[in-house]
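The values are calculated or read from the model by the stated rules, or taken from the named source; none is laboratory data. The shown structure was predicted, so the numbers you read here are calculated from the model rather than taken from an experiment. Every residue, glycine among them, receives a Cβ derived from its backbone with ideal geometry; neighbour counts consider all protein chains shown. Heavy atoms of the whole protein, side chains included, go into the accessibility calculation; ligands, DNA and RNA do not. Shrake-Rupley method; radii C 1.70, N 1.55, O 1.52, S 1.80 Å.
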Amino acid sequence: MSDAKDYIKPELMACCGAREIRDHDVVIVGTGFPAMAANIAKHTHAPHATMVQESGVIDARPLRPALSVGDPCLNPGAAMIGGLVDVMGMLLQAGNIQVGFLSGSQVDKFGNINTTAIGAYEAPKSRLPGSGGANPIGSLARRTLIIALHDRRRLAEKVDFITTPGYIDGPGAREKCGLPAGTGPAVIITNKAVMRFDPQTCEAYLATFHPDCTIEEIRANTPWDLKVAPGAGPTEPPTAEELRVLHEILDPHRMIRIYEQRGYV
Amino acid sequence: MSKVVSMKEAISQHVSDGAFVYLGGYICRPPSAAIHEIIRQGIKDLTVTRANAADDFDMLIGVGAVRRFIATFLSLGVYGLGRCYRRSLEKGIPHKIEVEEYTNLSLPMMLLAGAMGMPFVPTADMAGSDLLKIRSFMGENKYRQIDSPFDGRPVVLVPALTPDVGIIHVQQADEDGNAQIWGIGGDCQVGAMASKKVIVTCERVVSRETIGKDPSRTIVPAFKVAAVVEEPFGAHPGYTPGFYDVDFGIGYLYQQASNTVEGFDAFVKEWVLDLPDRNAYIQHYIQRFGYQGFKKLHAKFDYGYPVSYAY
């Protein structure tokens, strides 16, 4: 039996991600939070969800948490394995992916994500890995879920470089540049809160705050004038069932703790 | 006619200074042994490409072998940012490489266009992002944007890539070059098909008859292949399904070493320059980490599911 209070912040965040996934969704996942969240959903309310990795794997059945989207544990047991052209060029590009899961070194109020460079592109203060699959996933998945650290450095009024478009500079911008209608970021899940996007302004607002956080603290750690949803309440803690799945099936060694070292506390 | 040669011969005969090289793999089956040989031969001014580059590209950049990188991403995975990549772009050490940035959708599509013999391909991503605001050595030819002649909607066009040589590591190939893989494909097949010629490195050389037992697994036909190298453990520290696991231990050593230029140089000396070939590399690995450490990487034995192509 899991004690309902027995959870760490990354587990709460993974549960927040899981709750965004609906049954029968096709979810393109990265490693860490995304894979964990999708797996929680699959073991609870979304048993018919299908997980896909950009490297070419469809419906993997890994026996341990994957450490990368190319991890060897994704191979045995999968329903289908192809490559990037199959998953990105066909399934994603043709509109078959409902949910994309991304994290970013820098995320702004319109849900734009920077994973390219901090500072000027030509003379970067910190050179980051680049787009990888992030740009196409954020461009073409129906709903993008974003994971970020909640501080004034990681969240931004405006990112230094738009690697992956969120709502770009506001309403209508995605459609204007040719991105498919009805796509875009749905939520930003941080270590302090869940933020959603106002359909009128496309700006992220506070939807729920995590149990040990206050609205004041969250607003102080957000670099834009964060609006608060009327009646915004605390984030629902992981349920006993979600924790059972996490602790007994998905992550018995609690490898997710590495995210605590990365600041997700 | 057998195309089986040593790695030394394959690289010296088919990879020259200034060549445009596709290097396959996606953590799964990177051609690490071939990359080490490129470094040993001191080949310079390369243009390199693959979606999702990792420690192998970082090392090539660190030794100064790369002039241009047609890129989507470079990181050390769980070990974070590529140290040599950062030093090159932030500080010009050993020199600043030129980077043309794409994504894990657009770049494989560019290889697909090359494989199809088409001049370009439309891609549905990158629109609205700053990736369209930066152009490096490809200039105007990085991409074009047009209104589709079919529905009038804006569409991004990206050019075909046709590397001079593609290098892929596979599970097995016959001596003529018919190359077979299983497991995660990345952009390996389109990369090989797009290349003017292909070097196949493999865990084992098998007979043409064995290839014919399961022909659906062949990703490149022999006539595209210029050289075959039998190089067991050739993807280490990446993995090859059915043969060995990812080596996170050496991944960590590389991260720690490459934190400094001196550490990186010492790592390359120990694991590449001071070792004449892959056999010596395996011997060195066993000396450093013991036979048990080496054995631990090996995949568990698994009775294969008998695939039937009977009729």
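In table form, for the structure just shown:
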{"read-out": "So B:PHE223, is it part of a helix (DSSP H, G or I), open to solvent by less than 40 Å² (accessible area, probe 1.4 Å), of a type outside the set (Gly, Ala, Ser) and without any contact (Cβ under 8 Å) to a residue 60 or more places away in the chain", "value": "no"}
{"read-out": "Residue among A:THR208, A:THR201 that alone is in contact with a helix residue (DSSP H, G or I) (Cβ under 9 Å, 6 or more places away or on another chain) and either open to solvent by less than 60 Å² (accessible area, probe 1.4 Å) or away from chain B (no Cβ under 14 Å) (or both)", "value": "A:THR208"}
{"read-out": "Of residues in the stretch A:92-113 being surrounded by fewer than 20 Cβ atoms within 10 Å (Cβ to Cβ) and within 17 Å of A:VAL29 (Cβ to Cβ), the one nearest to the other protein chains (Cβ to nearest Cβ)", "value": "A:ASN96"}
{"read-out": "Of residues in the stretch A:215-254 being of a type in the set (S, T, N, Q) and open to solvent by 40 Å² or more (accessible area, probe 1.4 Å), the one nearest to A:THR44 (Cα to Cα)", "value": "A:THR239"}
{"read-out": "Failed condition for B:ILE181, given (1) in contact with an Asp or Glu (Cβ under 6 Å, 6 or more places away or on another chain); (2) crowded, with 21+ Cβ neighbours inside 10 Å; (3) more than 24 Å from B:SER12 (Cα to Cα)", "value": "(1)"}
{"read-out": "Complete set of residues in the stretch A:21-58 that are over 17 Å from A:LEU243 (Cβ atoms), open to solvent by 30 Å² or more (accessible area, probe 1.4 Å) and away from every other protein chain (no Cβ under 12 Å)", "value": "A:ARG22, A:ASP23, A:HIS24, A:VAL26, A:PRO47, A:HIS48, A:THR50"}
{"read-out": "Test: residue in the stretch B:162-173 that is part of a strand (DSSP E or B), over 30 Å from A:LEU179 (Cα atoms) and without any contact (Cβ under 8 Å) to a residue 40 or more places away in the chain", "value": "yes"}
{"read-out": "Tally of residues being over 12 Å from the mean Cα position of the chain (by Cα) and not β-branched (Val, Ile, Thr) across the stretch B:37-57", "value": "7"}
{"read-out": "In the stretch A:36-72, the residues that are over 12 Å from A:VAL26 (Cα atoms), of a type in the set (Val, Ile, Thr) and not in a helix (DSSP H, G or I)", "value": "A:THR44, A:VAL57, A:VAL69"}
{"read-out": "Close pairs from the stretch B:122-140: first more than 7 Å from every other protein chain (Cβ to nearest Cβ), partner of a type in the set (S, T, N, Q) and open to solvent by less than 20 Å² (accessible area, probe 1.4 Å), Cβ under 7 Å, at least 6 apart", "value": "B:THR123/B:SER106"}
{"read-out": "Flag for B:GLY152 being within 11 Å of chain A (Cβ to nearest Cβ), in contact with a Cys (Cβ under 9 Å, 6 or more places away or on another chain) and assigned to a loop (DSSP other than H, G, I, E, B)", "value": "no"}
{"read-out": "Verdict on A:ASP86 being within 22 Å of B:ASP125 (Cβ to Cβ), of a type in the set (Asp, Glu) and within 11 Å of chain B (Cβ to nearest Cβ)", "value": "yes"}
{"read-out": "Total residues in the stretch B:34-92, condition within 25 Å of B:VAL246 (Cβ to Cβ), of a type in the set (S, T, N, Q) and either more than 11 Å from chain A (Cβ to nearest Cβ) or open to solvent by 10 Å² or more (accessible area, probe 1.4 Å) (or both)", "value": "3"}
{"read-out": "Scope the stretch A:166-198; condition within 12 Å of another protein chain (Cβ to nearest Cβ), closer than 18 Å to A:GLN98 by Cβ and open to solvent by less than 20 Å² (accessible area, probe 1.4 Å); matching residues", "value": "A:GLY166, A:ARG174, A:LEU179, A:THR183, A:GLY184"}
{"read-out": "Flag for B:GLY263 being in a helix (DSSP H, G or I) and at positive phi", "value": "no"}
{"read-out": "In the stretch A:116-159, the residues that are more than 9 Å from every other protein chain (Cβ to nearest Cβ), over 14 Å from A:ILE28 (Cβ atoms), open to solvent by 10 Å² or more (accessible area, probe 1.4 Å) and not in a strand (DSSP E or B)", "value": "A:ALA120, A:LEU149, A:ASP151, A:ARG152, A:ARG153, A:ARG154, A:GLU157, A:LYS158"}
{"read-out": "Residue among B:GLY242, B:GLY238 that is open to solvent by 20 Å² or more (accessible area, probe 1.4 Å), within 11 Å of chain A (Cβ to nearest Cβ) and in contact (Cβ under 8 Å) with a residue 40 or more places away in the chain", "value": "B:GLY242"}
{"read-out": "Subset of the stretch B:93-120 [open to solvent by less than 10 Å² (accessible area, probe 1.4 Å) and among the hydrophobic types (A, V, I, L, M, F, W, C)]", "value": "B:ILE97, B:LEU105, B:LEU107, B:MET110, B:LEU111, B:ALA113"}
